[in-house]
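To keep things clear, I will list the structure first and then write my remarks on it.
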Amino acid sequence: MVLGFSPAQYEAIGRSSYLDRLVALIRGNFPRPAEAMDDEALAQALWEETELARSYGLEDEQSAATFALTAWLLGRGFDHRIPALAQILNSNELSPGQKAQAMRDFNLLLFSTLEGQRTHQTEEVRP
């Protein structure tokens, strides 16, 4: 006897695996901010962002995960609050992969700049 899975069961298994990996990524890299939420709440928030990612054409796992992670880093609503990212996400000329790469590049530039400012300020305070 062979067990078969319905498409809905395959989707649920895939969703669970995807969310488990995203939660582990966030907990592993951002433990202090993540401790405010239990795994279920964190997974739910990430799933909501993943669903929103689909509205921008980010259907593949990597692109949707990039969107969800960006929401974690920049806060919900980043897709409206940050004009450059809003323009990218709403573009009909960019592929999902290009949109995801643009979000990654934006995050790297932003956090590198912030880290550089923090380092510079720390150096100024030293005697």
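Every number here is computed from the coordinates shown, using simple stated rules; none is lab data. Just so it is clear, the model here is predicted, and its values are computed rather than measured. FYI the Cβ positions are ideal-geometry reconstructions off the backbone, even for glycines, and counts take in every protein chain you see.
Observations, loosely collected:
- Remark: region 15-127 carries a charge dipole of roughly 240 debye about the Cα centre, counting +1 on each Lys and Arg Cβ and -1 on each Asp and Glu Cβ.
- Positive minus negative residues near residue 63 (Lys, Arg vs Asp, Glu; Cβ under 11 Å): 0
- Loop GluC sites (Glu not before Pro), region 47-122 (other Cβ atoms within 10 Å of the site Cβ: 13 or fewer; DSSP): 59, 93
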